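Take a look at the structure set out below.
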Amino acid sequence: MATIMMRIRGPRCFRIPADLCYNLMDLRVLREQASRVAGRALLQGGVGMSEGPTGEEREVTFLGGAAIDGAPIAYIVVLAAVVAALALLPFSVILASGGSFPVSQGVYPLVGWVLGPIAGAVATAIGRTLGVFLAPHTASVPAVTVWAALVGSFAAGSMVVGGKRKNWWIPLTLLFVVEILLFAGRAVLQNGVGVYAAVAGSFLNWSAILLFALPTRTLFARWIGSKELGRVALGLFFGTWMAAGLTHLTGTVLMYFLFNWPEEVWLLLIPIIPLENLFRCVIGTVIGTGVIAGLRAIGLVKPEHAIY
Amino acid sequence: MSEPIAVLDRVSYMYPRSRDLVLRDITLQVRRGEFLGLIGPTGAGKTTLCLTLNGVVPQFYGGRFFGHVTVAGLDTLEHPISTLAQHVGAVFQDPETQLIATSVENEIAFALENIRVPRDEIRKRISRALTAVRLEGTEARHPHELSGGQKQRLAIAAALAMQPDLLVLDEPTSQLDPIGTQEVFATVRELNRELGMSIVMASHAAEEMAEYADRIALLSSGGLVTVGTPDEIYSQVDLLEEHHLRPPQVASTFHSIWRGKADAARVPVRMEPALQELEALSSECSLRAPEMLAKPVVHGGTPLLSVRDLGYVYPDGTEALNGVSLDVHEGEYVLIIGQNGAGKTTLVKHFLSLLLPTEGAVAIGGMDSRELVVSDLAKRIGYIAQNPDSQIFSNTVGEEVSFALTNLGYSAEVVRARTQESLTAMGLLEARNRHPLSLAKGDRARIVIAAVLAMQPDTVIFDEPTTGQDFRGARYILDISRELHAAGKTVIVITHHLYLMPEYADRVIVMGKGTILLDAPIREAYQRVDLLRSTFLTPPQAVLLARHLGQIVGQQLPLLTPAEVASCLECPPPEGG
Amino acid sequence: MSLLTYQTVERDSLFTRLDFRPKLVMIAVLSVLAFVWESPVIQAALALTVIVACLLAGVKSDYIKMIVKLMLPFYLLLLVTHGFWNTEQVKALTGRDVLTPLFTVPQQWPLVGGASMSAEGLAYGWNIIFKTLTLVLVIPLGIFTTDLNNLIVGMVRSRIPYKLVFIFSSTLRFFPLLVQEMQTIVQAQRLRGLATERMWVLQRARVYAKVAIPLILGAMVKSQQLEVVLQSKAFTGSSDRTYLYESVLHRRDWAVIVFFALLLIVAVVLYVWQGVGQFAWLLFR
């Protein structure tokens, strides 16, 4: 085994840029080598041929294609195009941030779950930026909208269960806590918003942070990865509440520094913001369940850091 | 011919996570400068074979690979795909997904930039490539401004710019209209004959392949059945039918004339030799009254669909229809043909009330289309669009089939009963709990048909059902249309595969540039060869053979199919046959 | 407005002759200034300058009018909310304890009776309106005037990894296909009895969601073909490649970059030192 391993790690892998080799490549080839002996017998028996292939079996270095963080570039391109297309589908204009499109917003977390955090953030950022370039009026403050969207995808993709990235939630939670303190802090201390209004008005945000920081995060991720569609739907619902809530927080804290809406607006928004998010959850769940069921049925090769 | 450009030596291949061999012990050589055609039914492994030539199989997919593939002296497993790409240009089936840049020149430059060709050299190659495919002057155009044929020519140009030794084309004309198909074949032939480019092309277009290919390789179930010249291969009609392939019509005709007993020499596969052979036969054989397919009588009464002076202009100003008038009666089987952009789908959308006329009027079942709601109309008129994937919305086949019924408000009882019926009729009962996308592409079309038929519409419209299908798949769908017609439904089919339709359609409407050029019973319509040619449609070879035979014997022979043509010649058995 | 191709201006102007990088700097600097400045006067001046620049650069006036029309309800809302209810903040910003009332709602009116619109609050509302206008319009100014090829290479020369730039350009190439696909899907659903005209909001949401599913799945299926195509064109994602177009900074490009950099510095200095651009500047001293 050792010699085989060395042969594989030999010339071929060194000459090729690192991100062309999927991380699991070596493991895959090893597995194939190991099963080759048993496999040959299977081939001869199971394929219905009188004898197996007569050609010499070759060593196949599985290169895959160009990828970002284990997600093929082609996947990122199409999902970015989807985000861009959905961003042009206006659904409603909502008070809080001057321009809001629930359909695409329900999709940001899904992009993170399908591609993984980094690739998901890239897809969402590029797709939303394109949406902004082509129709600048769909976002009142373009940079903020793009930033908030990609944070949502990133946070969603970071909902890993175990593995090397299981501690990514810590710096992210820190970021979100800082954001909410700035947000509510500015409201209460500088703009004279009452404490009740600030707390109730940011219910979505602190509930999202709690769900993210607590083990509920991994629970939802496990549900999303489950084989049962019912559990997947549940995981998507709560996961979207959480990820969309974090998107909302990231966007709103910056918007608030810009727009500084008064207490009356805070009070008005108390029922509206969670209702909006409920909308996003429904949409995210419906779309997510359909998409995940479909991806599994197609047998699409899962990106390395996919959650589903 | 010098040494071969590509050699496959006992090549077998299995995709990862699969237990079946997609290619089995293929040994084949591609000679330098030749045009090698690859034929075989869907699933035979043609695409996989094409991809072995540039290393994508197996380097990109993984899996298990046996044997050796050498292209331009390079073993495809020992050199990275980027090196192989400089020797093998690849052109794929879908014109849209293979163009990845936002302008024509960027498309051609892309691969060159990847292999670090200097800027001036890129510029030179771009203009050379565009000249070779006759797209000069289009550098700045955006891909969506190009027609299907132009897109594929652009893809060819992009492959050419790499200055490859071998050009591999995987069904490049399957998604194109007749003009596009002609353009692509003309381009490829020119590249082969004038520039000496070696070509490997997988295609179902039997007539064209017989005309242009130097050799044909027949692939079936992953194995190479036989290789030979088109004369050798396409004349073996029984062999082709055994593998669910369609020979050129002239070959079927002569095969029928000789009742399968002639050797290759007397079964021509191209038009010119066929016409000559026909002249020889006219003296050898005696003429009989042909057995023609019965075509039903013209219908009367209130038309089901009535169009008067219809004009339609799209919001962006394109005039799609102009002065169109026609009636469709209950129980007719209408074929609408024409190039892309002729207005066929636009016309049909008016029947569904998806579009409302900007001029003139459309009446459906006696009511003006403006007063009808699309979703209500769906109960009466079913529409099956070309791409099944954009008509599938549910997570299981069963749900998909009952989707429409639930929307239309039928009771649970009715929904259950009709879904069951529809699934059984289309052979999808065992698949009812599977996800639609887990079925093969060809089967997904059946799901859509089942879903539409569950609504039990009286009229069914099939929009390009045969595009992208192999012969077996196309016939399956057309047979369903015939069953529907036999059951009394009105059927409208849009297609440009004229040669498939004589067994099904009664009436033909030829459209061109937004107007109706011809509206006649099929037998009459197919005889209007000049009119068809003026809109770049080719009548089936059998029709041309019949005309020629008619000229020889001085009699009108309005025949449509090889069988009909064969039936009018009574020939003595061939020598040695 | 045709969204299928990237909208560009037809007129040749200074903006179209500039390389992308100075325009990127311009977008960044103007956005920062719009973000930081609070004075309605200076925001109005900035917004007006940007609008004039847009028109001079060839951005269609219809387009600008459309944007303003779409944002109008939002702007009115801003004026109302800030005019009536932004009291604490403007008091802090202007240093006043009592605000100047402009208009008072009669006492008898339910809920909002007695509310008074202050001049300061209104001014703050205007500040935000001009701020968002600038932030939105600076994008057509920079992007629509840039030829796509220059945009791509400009991004590469700005040290953005080629992989990301490639994703950007091919997303631009493919997304119109998805928009058309969406229309096809909606049509197909209508033909299966889905009467979207008769639905109210919540149901329509479900319908839109149902459109997204086949859209995304269809896109993912296509992505597999796309991968093979990219491989066959020797694509590795590496930035080590040549480019058909160049992105060269001429003197005028450097001049623009320097100009905006200086503008930023001067503006910040004046803001901090003389209060230029702060909310109360020129209006409420």
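The set of residues in region C:115-124 being surrounded by fewer than 24 Cβ atoms within 10 Å (Cβ to Cβ) and part of a helix (DSSP H, G or I) consists of C:ALA119, C:LEU122. Within region B:1-39, the residues that satisfy the criterion of being of a type in the set (Asp, Glu), over 28 Å from the mean Cα position of the chain (by Cα) and at the interface with another protein chain (Cβ under 10 Å from one of its Cβ atoms) are B:ASP9, B:ASP25. Quick check on region B:395-404. Is at least one of its residues polar (S, T, N, Q), closer than 22 Å to C:ARG206 by Cβ and under 20 Å from the mean Cα position of the chain (by Cα)? No: region B:395-404 contains no residue that is polar (S, T, N, Q), closer than 22 Å to C:ARG206 by Cβ and under 20 Å from the mean Cα position of the chain (by Cα). Here B:GLY341 meets each of (1) in a strand (DSSP E or B); (2) modelled with pLDDT under 90 with one exception, condition (1). Checking each residue in region B:101-125 for being within 7 Å of chain C (Cβ to nearest Cβ) and more than 35 Å from the chain's Cα centre (by Cα) picks out B:ARG116, B:VAL117, B:PRO118, B:ARG119.
Taken across region C:95-104, residues that are of a type outside the set (D, E, K, R), touching a His at 6+ places or on another chain (Cβ under 8 Å) and crowded, with 17+ Cβ neighbours inside 10 Å do not occur at all.
Condition check for B:ALA90 on (1) touching a Lys or Arg at 6+ places or on another chain (Cβ under 6 Å); (2) buried (at least 22 other Cβ atoms within 10 Å of the Cβ); (3) not aromatic (Phe, Trp, Tyr): one failure, at (1). Residues considered: B:LEU559, B:LEU549. Of these, the only one that is outside the structural domain of B:LEU335 (by TED's automatic domain parsing), buried (at least 21 other Cβ atoms within 10 Å of the Cβ) and outside any loop (DSSP other than H, G, I, E, B) is B:LEU549. Check region B:503-521 and report whether any residue there is buried (at least 22 other Cβ atoms within 10 Å of the Cβ) and part of a helix (DSSP H, G or I). No. Within region B:209-222, the set of residues being in contact with a Gly (Cβ under 9 Å, 6 or more places away or on another chain) and either surrounded by 22 or more Cβ atoms within 10 Å (Cβ to Cβ) or outside any strand (DSSP E or B) (or both) comprises B:MET209, B:ALA210, B:TYR212, B:ALA213, B:ASP214, B:ILE216, B:ALA217, B:LEU218, B:LEU219, B:SER221, B:GLY222. On the given criteria, is A:LEU300 without any contact (Cβ under 8 Å) to a residue 60 or more places away in the chain, within 11 Å of another protein chain (Cβ to nearest Cβ) and under 30 Å from B:SER438 (Cβ atoms)? It is true that A:LEU300 is without any contact (Cβ under 8 Å) to a residue 60 or more places away in the chain, within 11 Å of another protein chain (Cβ to nearest Cβ) and under 30 Å from B:SER438 (Cβ atoms). Restricting the search to region C:235-277, which residues are assigned to a loop (DSSP other than H, G, I, E, B), more than 14 Å from chain A (Cβ to nearest Cβ) and more than 26 Å from the chain's Cα centre (by Cα)? Scanning region C:235-277 gives C:THR242, C:TYR243, C:LEU244, C:TYR245, C:GLU246, C:VAL248, C:HIS250, C:GLY275. Taking region C:6-61 as the range and being part of a helix (DSSP H, G or I), among the β-branched types (Val, Ile, Thr), within 17 Å of the chain's Cα centre (by Cα) and at pLDDT below 90 as the test, only C:VAL36 passes. Listed residues B:GLU319, B:GLU371, B:GLU359, B:GLU330; which is out of contact with any strand residue (DSSP E or B) (no Cβ under 6 Å at 6 or more places or on another chain), more than 30 Å from B:SER438 (Cβ to Cβ), more than 11 Å from chain C (Cβ to nearest Cβ) and of a type in the set (D, E, K, R)? Unique residue meeting the criteria: B:GLU371.
Of the residues contained in region A:273-289, one or more are found to be among the aromatic types (Phe, Trp, Tyr), over 15 Å from the mean Cα position of the chain (by Cα) and either within 30 Å of A:ILE73 (Cβ to Cβ) or surrounded by fewer than 23 Cβ atoms within 10 Å (Cβ to Cβ) (or both). Entry remark, region C:152-171: residues being in a helix (DSSP H, G or I), within 24 Å of the chain's Cα centre (by Cα), more than 9 Å from every other protein chain (Cβ to nearest Cβ) and in contact (Cβ under 8 Å) with a residue 60 or more places away in the chain number 5 in total.
Does region C:30-41 contain any residue that is more than 14 Å from chain A (Cβ to nearest Cβ), at positive phi and in contact (Cβ under 8 Å) with a residue 12 or more places away in the chain? The answer is no, given that none of the residues of region C:30-41 is more than 14 Å from chain A (Cβ to nearest Cβ), at positive phi and in contact (Cβ under 8 Å) with a residue 12 or more places away in the chain. If I filter region A:92-105 for residues that are part of a helix (DSSP H, G or I) and at pLDDT 90 or above, do I get at least one hit? Among the residues of region A:92-105, not one is part of a helix (DSSP H, G or I) and at pLDDT 90 or above, which makes the answer no. Checking each residue in region C:212-223 for being at the interface with chain A (Cβ under 7 Å from one of its Cβ atoms), within 15 Å of B:LYS441 (Cα to Cα) and not aliphatic (A, V, I, L, M) picks out only C:LYS222. Consider region A:55-71 and keep the residues that are at the interface with chain B (Cβ under 10 Å from one of its Cβ atoms) and in contact with a His (Cβ under 9 Å, 6 or more places away or on another chain). The one that is surrounded by the most Cβ atoms within 10 Å (Cβ to Cβ) is A:GLY55.
A single entry from B:THR42, B:THR47 fulfils the requirement of being assigned to a helix (DSSP H, G or I), within 18 Å of B:HIS243 (Cα to Cα), more than 8 Å from chain A (Cβ to nearest Cβ) and under 28 Å from the mean Cα position of the chain (by Cα): B:THR47. Screening region C:120-145 for residues that are hydroxyl-bearing (Ser, Thr, Tyr) and facing chain A (nearest Cβ under 10 Å) and picking the one that is farthest from C:LEU46 (Cα to Cα) gives C:TYR124. Whether a residue is free of Cβ contacts under 8 Å to residues at least 60 places away in the same chain and either of a type in the set (A, V, I, L, M, F, W, C) or touching a Lys or Arg at 6+ places or on another chain (Cβ under 6 Å) (or both) was assessed, and C:LEU230 passes this test. For region B:452-465, the set of residues classified as in a loop (DSSP other than H, G, I, E, B) and within 13 Å of B:ILE336 (Cα to Cα) consists of B:GLU464, B:PRO465, listed by residue number.
A:LEU269: buried (at least 18 other Cβ atoms within 10 Å of the Cβ) and not in a helix (DSSP H, G or I), yes or no? Spelling it out, it is not the case that A:LEU269 is buried (at least 18 other Cβ atoms within 10 Å of the Cβ) and not in a helix (DSSP H, G or I). Of all residues in region C:172-193, those that are touching a residue at least 12 places away in the same chain (Cβ under 8 Å), at the interface with chain B (Cβ under 7 Å from one of its Cβ atoms) and not acidic (Asp, Glu) total 4. Residues considered: B:ARG472, B:ARG432, B:ARG380, B:ARG416. Of these, the only one that is within 26 Å of B:GLU171 (Cβ to Cβ), basic (Lys, Arg) and more than 9 Å from every other protein chain (Cβ to nearest Cβ) is B:ARG472. When B:GLU96 is evaluated against the numbered criteria (1) at negative phi; (2) surrounded by 19 or more Cβ atoms within 10 Å (Cβ to Cβ), which criterion, by number, is the only one it fails? In the conditions (1) at negative phi; (2) surrounded by 19 or more Cβ atoms within 10 Å (Cβ to Cβ), B:GLU96 misses (2) alone.
The values are calculated or read from the model by the stated rules, or taken from the named source; none is laboratory data. This is a predicted model, so every value here is computed, not measured. Please note: Cβ atoms are built from the backbone with ideal geometry, for glycine as well, and neighbour counts cover all protein chains shown.
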